[in-house]
Each structure stands twice: as C-alpha cells, then as structure tokens.
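J.: Got a structure for you, written out below as structure tokens; questions coming shortly.
The values are calculated or read from the model by the stated rules, or taken from the named source; none is laboratory data. Here the structure is a predicted model, which is why all the values come from computation and not from measurement. Cβ sites come from the backbone with ideal geometry, for glycine too, and all protein chains shown count toward neighbours. The accessibility values were calculated without ligands, DNA or RNA, using every heavy atom of the protein model including side chains. Shrake-Rupley method; radii C 1.70, N 1.55, O 1.52, S 1.80 Å.
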Amino acid sequence: MTKYIPEPFKIKMVEPIHLISREERKKALQAAGYNVFGLRSEDVYIDLMTDSGTSAMSQDQWSALIKGDEAYAGARSYFRLKDVMDEIFGFKHFVPTHQGRAAENILASLLVKPGQYIPSNMHFDTTEGNIRARGGRPANLIIETAYDPASRVAFKGNMDIDKLRSFIVEHGSESIPFGMITITNNAGGGQPVSMENLRQTAETYREFGIPFFIDACRFAENAYFIKLREPGYEDKSPLEIAQEIFSLADGATMSAKKDGIVNIGGFLALNDSELFENVRNELIMREGFPTYGGLAGRDLDAMAVGFNEALQIPYLNYRLGQTTYLGERLLENGIQIIEPPGAHAIYIDAMKLLPHIPQHQLPGQALSLAMYLEGAVRAVELGTVAFGYIDPETGEEVFPKLELVRMAIPRRVYTQTHMDYVVDVLKEIKQNREKINGYRISYQPKLLRHFTAKFEPLNH
Ligand code: F0G
C-alpha cells in the first residue's frame with residue numbers, strides 16, 4: 001500500500017470539526033439547492049472544496065502578521081514583500097492585489113478587446129470569466145494526452161507547441177494581446193508544465209511579439225515537479241527552478257491563496273514599464289494604493305513568509321506525498337482519477353465512477369453531492385457545470401471533454417486519517433453507485449455558473 005510521508009510539523013492550535021447526521025446532511029443539501037457552494041461550512045466534515053485561502057499558516061507567518069505596517073503609502077510590509085518578490089519572481093514591477101482574479105481583471109481590462117484571443121495551456125474559470133467579460137476568447141491549447149485521465153506522463157500540463165503556433169498563425173498576432181500558461185494546470189488535474197515546455201512556449205510567443213504571462217498560483221509545486229521529473233534539474237533548488245521559470249516570462253498573475261500559503265492575497269507582476277503605469281492607475285481605482293493593493297499591511301508580511309515556506313523541500317515532499325497517497329489509494333480501490341496525482345488536488349473521473357449517468361445529467365455534480373451525503377465531504381464538480389456553456393450562436397449546451405470532481409487539499413490542514421476517511425466514503429459510493437441519480441440545472445447565471453446555479457435531482 002502507498003506510504004504516507006509524515007507531516008514536517010506538529011499541531012499547535014486546533015479547529016473542531018463535526019460530522020452531522022445523514023438526515024441533517026440531506027436537509028442541508030436541499031437548502032443549498034443541491035450546490036455544494038450553498039452549504040454552510042459548519043455542516044461539512046472534511047472540506048476539500050479548494051486549496052485556495054484554506055491553508056494553515058505557520059507560526060512564522062502568524063508572528064509576521066504582528067509586524068504588519070499599516071501605513072497607507074510606503075509601508076515596511078510592502079518593502080519586505082518586495083524583497084521576496086524580487087528574489088523569487090524577479091519582474092521589474094509588481095502590485096499586490098487582494099487575490100488572483102483581481103490581477104486577472106486588471107490585465108484583461110487593460111489589454112483585451114472584444115473578439116481577441118488569449119491562448120493558454122488551460123485557463124482556470126476566473127481567468128476565462130475575466131477574458132470573456134471583456135469580449136475576449138480564451139483558448140485552451142494543452143497537449144491531447146491531458147484529456148486521457150489514465151495516461152501517466154511526467155508533464156501532462158504542457159502546452160501543445162504545434163497547436164499554439166498554428167493558432168497564432170491562423171488568428172494573427174495582432175488579435176492576441178497576450179498569451180498565458182497556467183502552472184500547475186488546475187483545470188486539468190493539477191498537472192505540471194516542464195521547463196522545456198515553458199521555454200518553448202516563451203520562445204513561440206516571443207517570435208510573434210506576444211507578451212507572455214504566467215498564471216503562477218501553484219508555482220512552487222510546479223517547480224518541485226520539475227526537480228523530481230525533469231532531467232538536469234535534480235540538483236537545483238525549488239527556488240532556483242522558480243527563478244528560471246519566471247525569467248522566461250514578461251509577467252505573472254498570482255493568487256497567493258495557493259502557494260503563498262495565506263488566507264488572502266495575490267499580485268500582478270510585469271516587466272513592461274508603460275503597461276505598469278496603466279496597471280497602477282487601474283489598481284488605485286479598484287483595489288487600493290500600489291503599496292498595499294487591497295490588502296492590509298500584515299497580509300503582505302504573511303505572504304512574504306509564505307512564498308519562502310512554499311519552496312522548502314520538506315514541505316513540498318510532504319505536500320506531494322499527501323496528495324499522492326490519497327490518489328494512489330483511490331486507484332488501488334478501482335476509482336479512476338487523473339493520473340498521475342498532481343500536488344494540490346485529486347480529480348475523480350466521474351463518468352467512469354457513475355457510468356449510468358449520461359453527461360447531460362451531470363455525473364460530476366451527482367458525485368460531488370453523493371460525497372457530501374455519504375460522508376459530509378465537500379468536493380467540487382469540474383465538468384459540465386463548471387466548464388460547459390450554452391453556445392450563443394446555436395443555443396445548445398457545449399460539453400467539456402472530462403467530467404471531473406476535484407478534491408483539493410488545503411495545505412498543512414488535514415492528516416492521514418482524514419485522507420483514509422475520504423477513501424472510505426468513496427469506496428462506499430462505488431459499492432452503491434446504482435442508487436445515485438443524475439441532476440438537472442434549475443437556475444443558472446450568465447457567467448461562472450457553478451458558484452450560484454441551483455439543481456434538481458432526476459429520478460431514474
Ligand atoms: N488561476 C488559477 C489556476 C486558480 O486556480 C485560481 C483560483 C485563480 C487563478 C484565481 O485566484 O481565487 O485568488 O482569485 N482557484 C481557486 C480554486 C478558487 O479553488 O482552484 P483567486
């Protein structure tokens with residue numbers, strides 16, 4: 001059986017969690033409109049909804065909070081963060097933002113014009129939403145292997161460079177204001193991108209004069225995968241690898257709620273000084289003054305400490321180990337996940353687990369609801385509800401290639417026993433899967449529908 005790597009920390013403060021009864025869980029689901037985003041967290045036992053902003057800060061981060069300088073302009077906290085930013089990311093300019101999507105919004109509002117395209121390996125939902133909100137068209141150009149859950153390749157998050165090149169040639173660089181890549185690829189299994197692929201992506205964008213931005217949410221985890229899997233990087237530190245990654249790009253958007261190990265925070269960083277002028281103005285209007293950007297001074301200090309902690313090998317080893325443990329145990333029990341396990345989450349192939357539910361009856365949604373009903377485990381559908389949409393031209397639903405349920409693992413929060421509990425819940429679901437019904441959407445908003453949509457159970 002897969003071994004568990006012991007936590008490189010001990011627990012100093014605890015947050016109680018409770019398992020409410022099955023009857024109460026049934027009622028909670030009904031009240032939530034059969035959408036796990038509508039549940040109260042006190043009704044959730046193991047919360048794997050996201051690894052974003054849900055991690056446990058260290059004693060060093062908590063003590064850094066006390067030193068927070070709350071000056072409106074030029075706070076010490078800003079300069080402490082700037083030192084760390086300069087070392088790890090190395091872009092000429094940056095502004096703090098309250099989270100990742102604020103950075104995306106600024107970038108999209110300044111650069112995207114209606115009808116323009118933004119290629120990436122795969123955009124995450126908020127990035128897609130921000131691009132679409134400006135009339136832009138996000139394009140996912142990941143390698144085809146990414147769509148085969150069972151294939152084990154080292155860097156399943158890689159951009160398909162041939163696809164990228166033909167895409168640029170087809171649409172013309174003038175209709176592509178910037179290009180992106182997401183590390184790791186959250187929308188497709190949390191899979192990493194290799195340094196070689198990052199370099200080729202950067203070269204392709206550069207050849208056509210297209211600025212290259214990295215969605216850097218999980219940069220430390222991606223750097224560690226490069227160290228473990230890419231020849232030539234065995235002896236480099238995660239920090240050195242991160243530095244090399246960012247040296248390839250013109251800028252980055254970041255949600256520090258992931259690999260900054262903080263509860264709130266992010267940034268937009270870039271080299272273009274002219275664009276930075278506009279970024280600053282936009283930031284002042286919407287987020288705050290450029291030395292705090294929508295955050296408290298103390299948040300900047302926690303972020304500065306968190307970025308460094310996220311790059312430590314004992315931490316990364318445990319982090320990848322915990323996720324691998326969960327993923328491999330599910331595979332041992334015949335539950336198909338996206339292989340190999342990523343670092344921040346395990347993605348279950350819902351169509352494989354619930355083959356009797358056709359895609360238009362939302363098998364991913366059905367599985368996430370079954371996980372809550374069975375064990376008060378909260379996980380999120382990343383399938384038709386999150387990524388399907390109604391084609392404005394045909395009025396028909398467009399289905400994504402994969403129907404996944406993501407169990408994202410907060411950093412430094414849960415133990416091996418919690419992981420074992422989750423495995424038991426899924427084993428139980430698999431045994432009684434015929435009893436699980438499909439769902440239909442009864443209400444949906446225009447953009448980012450999975451957050452607020454409501455559902456109705458279908459009878460067989
Ligand atoms: N990019 C990626 C790859 C993300 O995973 C997220 C957030 C964002 C951008 C936006 O950052 O939340 O700080 O505004 N992902 C979270 C998740 C919400 O659950 O995966 P944000």
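J.: Residue 398 to residue 59: extension gain in nm, 0.36 nm per residue of separation minus the Cα-Cα distance?
T.: 117.4 nm
J.: What does the convex hull of the alpha-carbon atoms of segment 337-460 project to on average, in nm²?
T.: Value for segment 337-460: 8.3 nm².
J.: Continuing with this model, one more query. Taking the Cα centre of the chain as origin, work out the dipole magnitude from +1 charges on Lys and Arg Cβ and -1 charges on Asp and Glu Cβ, in debye rounded to 20.
T.: Rounded to the nearest 20 debye, it is 960 debye.
J.: Also, quick follow-up: Over segment 93-232, what is the relative contact order in whole percent, taking alpha-carbon pairs under 8 Å and six or more residues apart?
T.: Across segment 93-232, relative contact order equals 23 percent.
J.: Still on this structure: So if R0 is 22 Å, what FRET efficiency would residue 272 and residue 161 give, r being the distance between their Cβ atoms, rounded to the nearest 0.05?
T.: Result of the calculation: an efficiency of 0.35.
J.: Grab the other residues whose beta carbon is less than 13 angstrom from that of residue 98, score K and R as +1, D and E as -1, and report the net.
T.: Within the 13 Å Cβ shell, the charges total 0.
J.: I need the Debye-formula profile for segment 263-388: one equal scatterer per C-alpha, no solvent, reported as log10 I(q)/I(0) at q = 0.17, 0.19, 0.21, 0.22 1/Å, two decimals.
T.: -0.96, -1.02, -1.11, -1.17
J.: May I ask for the equivalent-ellipsoid semi-axes of the chain, computed as the square root of five times each C-alpha gyration tensor eigenvalue and listed largest first in whole Å?
T.: Details: eigenvalues 217, 141, 98 Å².
The answer is 33, 27, 22 Å, longest axis first.
J.: Further, regarding this structure: Give the peptides 169-176, 108-115, 189-196 in descending order of average Cβ contacts within 10 Å, highest first. Before the final figure, lay out each step's value.
T.: Values: 169-176: 13.1, 108-115: 15.5, 189-196: 24.9.
Going from most to least packed, we get 189-196, 108-115, 169-176.
J.: Enter the per residue convex hull volume of segment 154-203, computed from alpha-carbon coordinates, in Å³ rounded to the nearest integer. Could you put the intermediate results ahead of the total?
T.: Numbers: hull volume 4.1 nm³, N = 50.
Output value, Cα hull per residue: 81 Å³.
J.: In Å², what does the accessible area per residue of the chain work out to with a 1.4 Å probe?
T.: 41
J.: So what's the back-of-envelope 222 nm ellipticity for the chain, counting only DSSP H runs of four-plus at -39500 (n - 2.57) apiece and dividing by all residues, rounded to 500?
T.: -12000 deg cm²/dmol
J.: Quote to one decimal, in nm, the extra length available between residue 454 and residue 280 on full extension: 0.36 nm per residue of separation minus the C-alpha distance between them.
T.: Numbers: separation 174, 0.36 × 174 = 62.64 nm, distance 3.83 nm.
Result: 58.8 nm gained on full extension.
J.: Also: Restricting attention to segment 8-79, which chymotrypsin sites (Phe, Trp or Tyr not before Pro) occupy a DSSP loop and are surrounded by at most 15 other Cβ atoms within 10 Å?
T.: Answer by residue number: 9, 72.
J.: Same structure again: Classify segment 194-272 from the C-alpha gyration tensor, please: rounded if a/c falls under 1.5, else prolate or oblate depending on whether a/b exceeds b/c.
T.: Verdict is oblate for segment 194-272.
J.: List the trypsin sites (Lys or Arg not before Pro) in segment 1-58 that DSSP assigns to loop (not H, G, I, E or B) and whose Cβ has at most 16 other Cβ atoms within 10 Å. Which are they?
T.: Of the trypsin sites (Lys or Arg not before Pro), the ones in loops of segment 1-58 whose Cβ has at most 16 other Cβ atoms within 10 Å are 3, 10, 12, 40.
J.: Would you mind telling me the antiparallel percentage of the DSSP bridges in the chain, rounded to 5? Could you put the intermediate results ahead of the total?
T.: Details: 27 of 40 bridges.
Once the DSSP bridges in the chain are tallied, antiparallel ones form about 70 percent.
J.: While we're looking at this one, here's another question. Quote the relative contact order of segment 26-152 in percent (integer), defining contacts as alpha-carbon pairs under 8 Å separated by 6+ residues.
T.: In percent, rounded to a whole number, it is 13.
J.: Further question on the same structure: Could you work out the relative contact order of the chain? I mean the mean sequence separation of Cα pairs under 8 Å and 6+ apart, divided by the number of residues, in percent.
T.: 23
J.: Restricting things to alpha carbons, find the Rg to Rh ratio for segment 120-188 using the Kirkwood radius for Rh. Don't skip to the answer; put the middle values down first.
T.: Working: Rg = 12.6 Å, Rh = 12.8 Å.
Using Cα coordinates only, the ratio equals 0.98.
J.: Okay, moving on. Where does segment 50-97 land on the Kirkwood hydrodynamic radius, alpha-carbon pairs, in angstrom?
T.: After inverting the mean inverse Cα-Cα distance, the result is 12.6 Å.
J.: So what are segment 1-49's ellipsoid semi-axes, whole angstrom, largest first, if each one is the square root of 5 times an eigenvalue of the alpha-carbon gyration tensor?
T.: Working: eigenvalues 168, 39, 23 Å².
Its equivalent ellipsoid spans semi-axes of 29, 14, 11 Å.
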